[in-house]
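Remarks on the structure that follows.
The values are calculated or read from the model by the stated rules, or taken from the named source; none is laboratory data. This one's a predicted model, so the numbers in the text were calculated from it and none came from an experiment. No Cβ is skipped: glycine too gets one built from the backbone with ideal geometry, and neighbour counts run over all protein chains shown.
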Amino acid sequence: MKDKLILKALDGTNSRVPVWLMRQAGRHLPEYRALKEKYTFLELCKTPDVAVEASLQPLRRYDMDGVICFSDILVPLEAMGMKLDFNPGPVFEDPITSIEQFRALELPPIKQNIPHILETLEKLRDELKDTNKTLLGFTGAPYTLASYAIEGKTSKHFEAIKSWSYRAPNELLEILDGLSDLTARYIEAQHEAGAELVQIFDTWAGQLSLEDYRRFALPGTKKIIENSRSKGIPITLYINGGYHLIPGMIEAKPDVISVDWRRSISDYLALIPEEICVQGNLDPAFLFASPQEVKAETKKILEAAKGRKFILNLGHGLLPTTPIDSVKAFVDTALES
Ligand code: CP3
């Protein structure tokens with residue numbers, strides 16, 4: 001088998017810096033927009049042949065080192081019986097407002113309730129078998145999943161989940177623990193279906209103080225990572241706006257910490273122990289600069305990360321109107337490193 005540079009970066013034996021992009025599949029590609037003429041977003045996620053196509057589209061444009069399975073972090077909540085729509089942002093018809101409502105939901109048998117994602121991964125594993133591309137799985141972290149289940153949509157102030165955490169903390173901890181068990185099983189199933197590294201997105205945990213992160217978000221994340229480690233599944237942990245949470249992320253013991261762009265990569269590297277691989281961190285909006293400027297800025301990141309276990313990525317997902325030439329300049333800079 002050819003060397004998979006992303007996996008090699010976990011122990012620092014990679015020959016050059018690997019690269020992939022969060023949200024590399026999707027609306028910035030005209031070929032994805034063409035798929036969206038025929039299918040809704042949820043249909044795309046649930047039709048394995050089409051999800052495989054959406055996952056591979058970015059690879060035909062850019063020679064990056066990872067392929068992420070096309071799906072969404074909210075699919076498991078839908079499988080629990082929560083009615084979900086994308087418009088284009090996610091909307092749940094009946095957000096959770098009481099612990100009884102949560103208890104009435106079923107923690108789904110993954111293989112039975114989410115078979116399409118596992119089938120997409122199996123097909124991608126076949127597609128990628130003679131390549132050096134790493135197949136990436138992903139999941140939402142319990143706190144971010146709970147945020148959506150309770151707020152019902154992307155929220156500005158997170159009043160519903162935050163007020164719950166101070167009004168009835170034990171109830172919220174029960175919800176988070178239930179979602180942790182679901183997530184741990186979901187990661188195992190993805191790994192069995194071919195995912196070689198799984199990224200946990202805790203997008204909204206950045207809203208928490210370090211103290212509340214340790215109280216509410218960390219226990220579930222830690223449990224999931226401990227379970228994954230016992231099964232030999234490497235894990236990346238990402239938090240948006242999470243510089244102040246780095247000490248907590250280190251306590252979760254992931255293989256990779258994925259960082260946003262709000263602080264320089266040097267600031268992040270100074271806090272994170274050398275044994276942990278770091279992934280990041282160009283501001284996705286920087287890709288609206290010229291390809292030459294993108295190259296120069298990316299080189300600065302690579303220079304600062306020299307000698308460390310490192311995977312080049314953005315600090316958050318690619319924005320839908322990003323120009324293709326700049327994405328190419330970003331990826332090529334890693335290929336030339
Ligand atoms: O290349 C990839 O990364 C594709 C797979 C992927 C999607 N969503 C597809 C998607 C992944 C890894 C995600 C993760 C995801 N989804 C997160 C965590 C990462 C992050 O952004 O912080 C979150 C919070 C969600 C929830 C979600 N899904 C939102 C808030 C939205 C709407 C926002 C937007 O970008 O419009 C989505 C929709 C979504 N998920 C789209 C895609 C391609 C756009 C849907 C469309 O094409 O109409």
Practice item. Please work out which residue is farthest from K2 (Cα to Cα), limiting yourself to the range 102-114 and to residues that are more than 20 Å from the chain's Cα centre (by Cα) and surrounded by 14 or more Cβ atoms within 10 Å (Cβ to Cβ). Key: F102
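Could you tell me which of the residues L44, L136, L77 is within 18 Å of H191 (Cβ to Cβ), of a type outside the set (F, W, Y) and buried (at least 16 other Cβ atoms within 10 Å of the Cβ)?
Residue meeting the stated conditions: L136.
Take the residues in the range 35-49 that are more than 12 Å from the ligand (Cβ to nearest atom) and assigned to a helix (DSSP H, G or I), then tell me which one is nearest to E78 (Cα to Cα). Can you show your working first?
Initially, the range 35-49 is screened for residues more than 12 Å from the ligand (Cβ to nearest atom), giving 38, 46-49.
If we keep only those that are assigned to a helix (DSSP H, G or I) as well, we get 38, 46, 48-49.
Working: K38: 22, K46: 12, P48: 17, D49: 21 Å.
Going through the qualifying residues, I end up with K46.
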Review point. What do you reckon, is E37 free of Cβ contacts under 8 Å to residues at least 12 places away in the same chain and either closer than 24 Å to T203 by Cβ or in contact with a Pro (Cβ under 9 Å, 6 or more places away or on another chain) (or both)?
Key: no
Exercise for review: Take P284 and decide whether it is touching a Phe, Trp or Tyr at 6+ places or on another chain (Cβ under 9 Å), more than 16 Å from the ligand (Cβ to nearest atom), under 24 Å from Y32 (Cβ atoms) and not hydroxyl-bearing (S, T, Y).
Suggested key: no
Review point. From G66, G12, G81, which residue is closer than 16 Å to L124 by Cβ and small (G, A, S)?
Key: G66
**Study point:** Pairs, first buried (at least 20 other Cβ atoms within 10 Å of the Cβ) in the range 314-330, second modelled with pLDDT of 95 or more and among the charged types (D, E, K, R), C-beta under 7 Å, six or more apart
**Key:** G315/D260; G315/D283; H316/D260; L318/R23; A329/K295
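For the subset of the range 246-255 comprising residues that are among the hydrophobic types (A, V, I, L, M, F, W, C) and surrounded by 23 or more Cβ atoms within 10 Å (Cβ to Cβ), which member is nearest to I225 (Cα to Cα)?
A252
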**Study point:** Where E151 falls short, out of the listed (1) within 12 Å of the ligand (Cβ to nearest atom); (2) under 17 Å from I224 (Cβ atoms)
**Key:** (2)
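Condition first: of a type outside the set (A, V, I, L, M, F, W, C), closer than 16 Å to A79 by Cα and assigned to a loop (DSSP other than H, G, I, E, B). Now tell me which residues in the range 97-156 satisfy that. Show your work before the answer.
First, pick out the residues of the range 97-156 that are of a type outside the set (A, V, I, L, M, F, W, C): 97-98, 100-101, 103, 106, 108-109, 111-113, 115-116, 119-120, 122-123, 125-127, 129-134, 137, 139-140, 142-144, 147-148, 151-156.
Next cut, closer than 16 Å to A79 by Cα only: 101, 103, 106, 108-109, 111-113, 115-116, 119, 139-140, 142, 148, 152.
Result: E106, P108, P109, G152.
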Exercise for review: Being under 17 Å from E151 (Cα atoms) and either of a type in the set (G, A, S) or over 16 Å from the mean Cα position of the chain (by Cα) (or both) is the filter here, so list the residues in the range 175-203 that pass it.
Suggested key: I175, L176, L179
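Taking the conditions exactly as written (under 23 Å from I110 (Cβ atoms), more than 9 Å from the ligand (Cβ to nearest atom) and modelled with pLDDT of 95 or more), does T97 satisfy them or not? Steps first, answer last, please.
Details: under 23 Å from I110 (Cβ atoms): no; more than 9 Å from the ligand (Cβ to nearest atom): yes; modelled with pLDDT of 95 or more: yes.
No; evaluated as a whole, the condition is false for this residue.
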Exercise for review: Mind listing whichever residues of the range 1-28 are more than 10 Å from the ligand (Cβ to nearest atom) and touching a Lys or Arg at 6+ places or on another chain (Cβ under 8 Å)?
Suggested key: K4, L5, A9, L10, D11, G12, N14, S15, P18
Revision key, fill the gap. Scanning the range 199-231 residue by residue, those assigned to a loop (DSSP other than H, G, I, E, B) and touching a residue at least 40 places away in the same chain (Cβ under 8 Å) turn out to be D202, T203, W204, L208, K231
Practice item. Could you please tell me which pairs satisfy a Cβ distance under 8 Å, a separation of 6+ or placement on different chains, a first residue in the range 257-274 that is closer than 18 Å to T221 by Cβ and touching a residue at least 40 places away in the same chain (Cβ under 8 Å), and a second residue that is part of a loop (DSSP other than H, G, I, E, B) and among the polar types (S, T, N, Q)? Key: D260/N240
Practice item. Starting from the range 53-76, keep only residues that are part of a strand (DSSP E or B), then list their pairs with residues that are within 8 Å of the ligand (Cβ to nearest atom) and charged (D, E, K, R) whose Cβ atoms are within a distance under 9 Å, requiring at least 6 positions of separation or different chains. Key: I68/R23
